1. What's log10 of I(q)/I(0) for the range A:14-81 at q = 0.15, 0.19 Å⁻¹, Debye sum over Cα points only, no solvent?
2. How large is ³J(HN,Hα) for each residue in the range B:100-110, as worked out from phi by the Karplus curve 6.51 cos²θ - 1.76 cosθ + 1.60 (θ = phi - 60°), to whole Hz, x for Gly and Pro?
3. A 20 angstrom limit on the alpha carbon distance is what I want to check against. Which of B:224/B:319; B:135/B:363; A:31/A:169; A:31/B:82; B:134/B:317; B:214/B:319 exceed it?
4. Of the options B:96, A:137, B:154, report the single residue whose Cα projects farthest towards the positive end of the charge dipole of the protein assembly as shown (beta-carbon charges: Lys, Arg +1; Asp, Glu -1).
5. Pop out the ³J(HN,Hα) list for the range B:45-56 in order, Karplus 6.51 cos²θ - 1.76 cosθ + 1.60 with θ = phi - 60°, rounded to Hz; leave Gly and Pro as x.
6. At a threshold of 8 angstrom on Cα-Cα distance, excluding pairs fewer than six apart, so keeping six or more, what relative contact order does chain B reach in percent?
7. What distance in nm separates the simple spin-label points at residue A:169 and residue B:223, each placed 7 Å from Cα in the Cβ direction?
8. If a/c stays under 1.5 just call it rounded; otherwise compare a/b with b/c (prolate if a/b is bigger, oblate if not). Do that for the range B:191-340, with a ≥ b ≥ c from the square roots of the Cα gyration tensor eigenvalues.
Amino acid sequence: MAPTYQPRAWHLAVVAMIVVFDLIVLYMVLKPNVTDDYRTYYIDRSASCFPRADNVATGYYPLGEPISFVPDRSGYELDTVRWCGFMPPSNTGIRSFGDYGILRIRMPLPDDDFLLTFSSWANTDSSKPERDVQVLVNDERVGTLAFTSAKRIDGRFLVPQIVARAGGKDENGNDVVEIKFMVPRTGPPGTNSEPITLQLRLEALRLAPLKSLTAELMARSNPIEEPSSSEPPSSSTSPSPRGSTSSEAPAAPKKKEAG
Amino acid sequence: MDETIAESRTAARRWTWRIPAYILLPFYLMLIGVLLRYAVYVRNTGVWGFNDYLRALCVYDCNAYERLALNGYEGRPSGFDKGDANNWAFFPFYSIMVWAINRLTGLSMLVGGSILTCLLTVWGAILSWPLFEKKFRAYFLFCFFLFLGPFSYYFSTLYTEALFIMLTIAGFVLLRQRDYVTAGVTGALMSATRSTGLLFAGAILIAAFQNHLKDGGTVAGFFKTLWKRTDLLLAVALVPVGICCFAIYLWFHSGDALAFVHIQRAWGRAFADPFNNLWLTLKMQFDNHNYSTITSDLAFGLAALFGMALSAVMAWKGKWDWALFSLFGVLLPLSTNAYSMLRFVVGLAPVLIMAALLFSRWKWLFYLLLPALLILDVLLLPTWIGRSYYLM
């Protein structure tokens, strides 16, 4: 004999309540209340990194000072400018992941053009095709690094004042300068759907106003007048559109001597 | 009076005062397992502290569940090297239970959680007895695997496997008893424990269909009377309630009701074709010309195949509710990546029960498996404590 079933009103009443509950959840699913950086990284997946929080990556940077991303080297060491797409500092510097890495500096800028210098490597070698890394400041391209081997490339790019100021100001009136390194994709996505990209490694970086650099050079050319200067000699301050290749020691200056 | 009958009545009376073997067995095996692994730990490390032993066992997700019980859900993601991880991926029900134990007893999250996990596993094992249809050898093998097998770590430290297996078993026993509404409540708790708990909604419908046929109904009759089955409607509606509660919480906490899905990007998980993922995982080490070892990728792929093969056995045995629950329980995580497939397969109660039923059919295999499982349990302890990807 076929089984018979008896409908129950209380079942339907509870189901009706659950349906209302589910509709509320559906609304929440369809209407996320999130920041743009969250949406682009986690929901759309159009961004390749999720920025660090503003209270951690404050952007503070003593203008003109070299920033060291390697322990025991001289330079500004607080990890405040690493904003998005770079892993934490290690013994060899900071490594990019995803399509780009961004360093963000927040400070009042003087009326001057700037020189951006840094030492960089990429996980490539001479058997692979040339890998170009675009360097952008406030989304304006200032130069390209062409990696044809595993050797270091010292980046040296002029940043015009108008570009440096194009990032606008934050709530405290500081100028915001975003230095972005766009790396090429080198392989198709794996099982995690993330594309394989070139990995850029930075050991040191410096953004300095040209006027102060000129003064620094003049001071170096006359050591009697400025005997206390301990900055290492710079090979050149003339900016070039492409980075120069070197296989020598990292460009980050050695630790300052005591006294 | 017939002496035989009189004796059996006395025996029956005596029996009522005894605790049945199927209840005692999991307790004994659990105690033996805990003591054995502790002894191996002391032998290997020279450290006698039981708390140290529990701390050593607590690796990977265990720490996440412990922190979740201690501090709740975190704010803006900042974990891992990419700074994009936090604990939103971890479902709340298990950690709520650990937190409640801590509040009630004053035990630390680690100790209370470890005890809770062991007892949940024992409870799950006891509840599973009806599913073995009096095949004690299979039941013994199942319990032995849980407490003295190579994956016993999941069932003795702060992982959700114990709770999920217990709830799954309870759910399938309730379906067997045709108590669909209570099974639906169990399903709600399952979906608050792990996302795969949602799959239990499908199992309810299939079980109801099969029970209808077993009760003398027809296929057409089932669909004709479906509109009267308010119990089924309620049961299915209840299952997502757990995950929905979590989604609502996350919406208020993070602004994203699906944050538990989206945060998986930090673990390299994204939805894709599970069979392609399986293929990539299986061939990865051979593409790299590694023919001498079994990499964790290959192990994960083999685990997924094992889970799918046993799902096919369940279907062949007519247990379609178990089969589809298990098959999709493998395919759902596999569709995001093959990582941790060993753990996901071991976390599926029907797979373990069917494997126990299958492998205990032959006495020689049964007796061969017991020492093999035991040796693996002992040998893998340092591997587990050493945070091996294999077992993760």
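1. With no solvent term, the Cα-only Debye profile gives -0.71, -0.87.
2. Per residue, the Karplus-derived 3J(HN,Hα) values read 5, 4, 4, 5, 6, 10, x, 5, 5, 4, 5 Hz.
3. B:224/B:319; A:31/A:169; A:31/B:82
4. The listed residue farthest towards the positive side: B:154.
5. These are the phi-based 3J(HN,Hα) values: 10, x, 9, 9, x, 5, 5, 5, 5, 5, 5, 5 Hz.
6. Relative CO of chain B lands at 19 percent.
7. 7.1 nm
8. Numbers: a/c = 3.70, a/b = 1.37, b/c = 2.70.
Verdict is oblate for the range B:191-340.
Here, each number is a calculation from the coordinates, and none is a lab measurement. The structure displayed is predicted, hence computed values, not measured ones. Please note: Cβ atoms are built from the backbone with ideal geometry, for glycine as well, and neighbour counts cover all protein chains shown.
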